[in-house]
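A quick write-up on the structure given underneath.
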Amino acid sequence: MNSWDVIIAGAGIIGVSTALELRERGARVLLLDRGQPGREASSAAAGMLSAFDPETPAGLQDFARECARVYPEFVSKLERASGISVDLRQHGAITVENDFSHEAPPPEYRELQADELQRLEPQLNTHGRKAFFVSEGCVDPDLLMQAATRTAELAGVELKTSVAMHELRARNGQTEVETSAGTFTSKAAINCCGAWSGTPVKPRKGHMLYVQPQQSGLLQHVFRAADSYIVPRTSGKILLGTTVEDAGFDKTVLPGTIDTLHAAAARYVPELADAQVISTWTGLRPGTPDDLPLMGETGTPGVFLASGHFRNGVLLAPLTARIMANLVMGKPAGWDISAFSPMRFATRKA
Ligand SMILES: Cc1cc2nc3c(=O)[nH]c(=O)nc-3n(C[C@H](O)[C@H](O)[C@H](O)COP(=O)(O)OP(=O)(O)OC[C@H]3O[C@@H](n4cnc5c(N)ncnc54)[C@H](O)[C@@H]3O)c2cc1C
């Protein structure tokens, strides 16, 4: 049997960032994935860094904002180490008024007058609805995953792919990780299996597509409305999304849903109607009953959970990694994570 300080199951953005953070602090880290790193939700995401999204639960908003604040630093660390650019774009996002149907827009949203909107995004048509600017960035999550995985490996994180974790348990003051490739031991283990982390995490499916418009530089800003996301990449392709569906672990791409998303985006940017669809996919977000993440030690000593990041896991990765490394190393979390405790869903015994 082999032994490490920490074993992490699941090499999405949460597992890889946490592995890197622990390795940087000197821990010997084994990172397992039952497939290849980053092939699930983390590369399926839009990569919006939606720090001020009014849909983010109140208990997560400060955390999300702090993550957005440290994101450029996180990205530059990964880009420097890996040599891979992750296409961090900080042009800001434009959104329309029906996103805040019952409330005033958050103070970070600045209303755009028609002439300013026309200057910022001449191709965008909000059909007379008020438009707002918010200072939020985005990354290409596929490139982010490549950069993060490469950085973690270069830092000395040991990565085993095509190895599934079956069980994490405590034994004789250590942690035993039973996998498809045998049993490994460590001082601590972290479940970072995303939508597959187990109860109370539930998969929330999202459809996405990339289109290639004929006109280069069609859009500069992220655009967000209740029925459409439009996220331009520097390469010229444009991501269109998305849905939030309860479909279990089914990842089937439904052509009708893709067509609906394409048509919704084309109502805001008519040139997108003729843009060639270059890829379509779905991803499973790790959802929780209260839409807040799960971070901390479970009821099993030495076994930790970092999951449930739902719609914002790409954004929330840098601080999640720091907090998890602090906790596993026996230090204070460094953030009030009481609302994120994995124990909040534990059933109380009478
Ligand atoms: C359509 C869509 C759009 C999104 N848009 C955004 C966005 O714009 N901004 C944002 O911040 N977030 C976004 N998200 C959310 C974000 O993608 C997730 O919150 C985040 O990727 C979760 O990361 P993770 O590492 O927990 O999970 P994942 O990336 O799913 O990684 C989990 C890993 O665990 C592995 N695994 C599973 N079971 C086992 C096992 N038993 N043993 C070993 N390995 C296992 C899987 O193979 C996988 O690699 C979006 C998600 C989707 C689906």
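The values are calculated or read from the model by the stated rules, or taken from the named source; none is laboratory data. Model, not experiment: these values are computed from the prediction. Reconstructed Cβ throughout: ideal geometry from the backbone, glycine too, with neighbour counts over all protein chains shown. Accessible surface areas use protein heavy atoms only, side chains included; no ligands, DNA or RNA. Shrake-Rupley method; radii C 1.70, N 1.55, O 1.52, S 1.80 Å.
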Looking at (1) at pLDDT 95 or above; (2) surrounded by fewer than 21 Cβ atoms within 10 Å (Cβ to Cβ), which is the only condition ASN2 fails? (1)
Is it the case, given these coordinates, that ALA264 is over 23 Å from SER50 (Cα atoms), more than 13 Å from the ligand (Cβ to nearest atom), hydrophobic (A, V, I, L, M, F, W, C) and open to solvent by less than 20 Å² (accessible area, probe 1.4 Å)? no
Taking only pairs six or more apart or across chains, which ones have beta-carbon atoms under 8 Å, a first residue in segment 36-49 that is under 15 Å from ARG89 (Cα atoms), and a second residue that is within 6 Å of the ligand (Cβ to nearest atom) and in a loop (DSSP other than H, G, I, E, B)? ALA46/THR242
Pull out all pairs, ordered by first then second residue, where Cβ-Cβ is under 6 Å, the residues are six or more apart or on different chains, the first lies in segment 1-20 and is hydrophobic (A, V, I, L, M, F, W, C), and the second is in a loop (DSSP other than H, G, I, E, B) and more than 13 Å from the ligand (Cβ to nearest atom). TRP4/ARG28; VAL6/ALA27; ALA19/VAL157
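Given the structure, is ALA152 in a strand (DSSP E or B), within 20 Å of ALA27 (Cβ to Cβ), in contact (Cβ under 8 Å) with a residue 12 or more places away in the chain and in contact with a helix residue (DSSP H, G or I) (Cβ under 7 Å, 6 or more places away or on another chain)?
Values: in a strand (DSSP E or B): no; within 20 Å of ALA27 (Cβ to Cβ): yes; in contact (Cβ under 8 Å) with a residue 12 or more places away in the chain: yes; in contact with a helix residue (DSSP H, G or I) (Cβ under 7 Å, 6 or more places away or on another chain): yes.
No; evaluated as a whole, the condition is false for this residue.
Tally the residues that are open to solvent by less than 20 Å² (accessible area, probe 1.4 Å) and near the ligand (Cβ under 7 Å from one of its atoms), restricting the search to segment 43-60. Even if it seems obvious, please write down each step before you answer.
Quick first cut of segment 43-60, residues open to solvent by less than 20 Å² (accessible area, probe 1.4 Å) only: 44, 46-47, 49-51, 53, 56, 60.
Next, from what is left, pick out any that are near the ligand (Cβ under 7 Å from one of its atoms): 44, 46-47, 49-50.
Qualifying residue count, segment 43-60: 5.
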Taking PRO286 and the conditions (1) more than 9 Å from the ligand (Cβ to nearest atom); (2) open to solvent by 10 Å² or more (accessible area, probe 1.4 Å); (3) in contact with a strand residue (DSSP E or B) (Cβ under 9 Å, 6 or more places away or on another chain); (4) not in a loop (DSSP other than H, G, I, E, B), which numbered condition does it fall short on, given that it satisfies the others? (1)
Kindly indicate which of ALA114, ALA164 is assigned by TED's automatic domain parsing to the domain that holds ALA317 and aliphatic (A, V, I, L, M). ALA164
Out of (1) under 19 Å from LYS205 (Cα atoms); (2) in a helix (DSSP H, G or I), the one ALA273 does not meet is (1)
Are any residues in segment 200-246 open to solvent by 50 Å² or more (accessible area, probe 1.4 Å), assigned to a loop (DSSP other than H, G, I, E, B) and within 14 Å of the ligand (Cβ to nearest atom), and if so, which ones? VAL244, ASP246
Out of all the residues in segment 9-36, which are near the ligand (Cβ under 6 Å from one of its atoms) and either crowded, with 24+ Cβ neighbours inside 10 Å or modelled with pLDDT under 95 (or both)? ALA9, GLY10, ALA11, GLY12, ILE13, ILE14, GLY15, LEU32, ASP33
